[in-house]
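A quick write-up on the structure given underneath.
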């Protein structure tokens with residue numbers, strides 16, 4: 001018998017209303033290569049405002065991860081919030097599962113909406129995509145925010161015990177829960193102080209709504225992250241970069257934040273949020289806001305110029 005009510009779906013509808021109330025509308029762009037991208041875009045783009053791209057991670061769809069930030073920054077930016085491939089309404093028939101491919105897809109939907117210069121912020125896996133965008137299009141991405149994004153990890157880190165999981169398959173099992181019990185495990189893994197009492201029916205409802213589709217494809221995305229990854233091969237992005245990390249992160253240990261700061265040098269600032277885990281946007285939203293806003297609002301961007309960006313994208 002099908003469910004007659006879903007608390008998660010109801011909250012998603014509230015987020016839809018909130019995004020719309022913040023001046024955004026949901027669009028779908030066919031990139032013409034077997035890829036379709038869903039993205040929240042401004043209802044009316046203001047040429048006197050800079051553009052801000054917010055890229056989600058694995059935990060939920062774009063609305064659930066960025067709702068509070070959208071509410072705060074929408075009056076000051078043209079805000080774009082895409083669903084990555086295999087999340088929300090975005091998908092592809094192409095076999096590429098790399099973060100570089102995800103970056104090209106995000107840039108494709110931005111081009112479709114005539115976005116030129118931009119600030120890009122990525123949460124966790126979204127940070128991998130944001131970093132790749134900054135590396136591939138340095139003339140377009142002017143500032144970068146990376147939240148708990150272990151882009152400096154190396155494939156050998158798994159074998160050498162840097163992570164609490166033994167391999168990618170165990171990570172996939174935790175990050176893509178299928179049952180209420182597994183959802184509780186994910187909460188213990190990503191939060192320092194997970195809620196003590198949540199009915200299993202609520203957790204199962206969340207799993208059914210957020211983790212039931214494209215499961216195998218999402219596992220392939222996770223497997224692609226460490227494959228052949230070496231720090232020596234990671235480009236040093238030139239943009240001013242804000243790195244934000246929870247000091248008790250169990251998904252991507254803080255060591256990776258220090259490694260990334262060292263890799264980028266003076267262009268990067270590392271902020272460590274105390275007593276916070278991987279999901280510090282949930283645990284410490286005020287702390288995130290305190291560090292994020294000054295960095296974003298210090299950006300003075302010129303008016304968009306999409307011609308060179310379009311030319312570069314067509315070369316990919």
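Would you kindly identify the helices (runs of 4 or more DSSP H) lying entirely within region 1-116 that contain at least 2 residues that are in contact with a helix residue (DSSP H, G or I) (Cβ under 8 Å, 6 or more places away or on another chain) and more than 19 Å from residue 134 (Cβ to Cβ)? Give the derivation first.
On the way: elements: 7-21, 62-73, 99-112.
Where helices (runs of 4 or more DSSP H) fall fully within region 1-116 and carry at least 2 residues being in contact with a helix residue (DSSP H, G or I) (Cβ under 8 Å, 6 or more places away or on another chain) and more than 19 Å from residue 134 (Cβ to Cβ), they are 7-21, 62-73.
So which residues in region 164-193 are under 21 Å from residue 275 (Cβ atoms), out of contact with any strand residue (DSSP E or B) (no Cβ under 8 Å at 6 or more places or on another chain) and assigned to a loop (DSSP other than H, G, I, E, B)?
164, 191, 193
For every residue, the table says whether it meets (1) at pLDDT below 95; (2) crowded, with 20+ Cβ neighbours inside 10 Å; (3) closer than 28 Å to residue 101 by Cβ.
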{"residue": "183", "(1), (2), (3)": "no, yes, no"}
{"residue": "195", "(1), (2), (3)": "yes, no, no"}
{"residue": "204", "(1), (2), (3)": "no, no, no"}
{"residue": "212", "(1), (2), (3)": "yes, no, yes"}
{"residue": "217", "(1), (2), (3)": "no, no, yes"}
{"residue": "236", "(1), (2), (3)": "no, no, yes"}
{"residue": "243", "(1), (2), (3)": "no, yes, yes"}
{"residue": "249", "(1), (2), (3)": "no, yes, yes"}
{"residue": "260", "(1), (2), (3)": "no, yes, yes"}
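Quick check on region 145-154. Is at least one of its residues surrounded by fewer than 24 Cβ atoms within 10 Å (Cβ to Cβ), under 21 Å from residue 40 (Cβ atoms), touching a strand residue (DSSP E or B) at 6+ places or on another chain (Cβ under 7 Å) and in contact (Cβ under 8 Å) with a residue 40 or more places away in the chain?
no
It is to be established whether one or more residues within region 95-115 are within 17 Å of residue 60 (Cβ to Cβ) and surrounded by 24 or more Cβ atoms within 10 Å (Cβ to Cβ).
So far as region 95-115 goes, yes, one or more of its residues are within 17 Å of residue 60 (Cβ to Cβ) and surrounded by 24 or more Cβ atoms within 10 Å (Cβ to Cβ).
When region 273-283 is examined, which residues are found to be crowded, with 19+ Cβ neighbours inside 10 Å and not in a helix (DSSP H, G or I)?
If the condition is that a residue be crowded, with 19+ Cβ neighbours inside 10 Å and not in a helix (DSSP H, G or I), then 273, 276, 277, 278, 279 are the ones that fit.
The values are calculated or read from the model by the stated rules, or taken from the named source; none is laboratory data. Note that the structure is a prediction, hence the values are computed from the model and not measured. Note: ideal-geometry Cβ built from the backbone for every residue, glycine included; neighbour counts use all protein chains shown.
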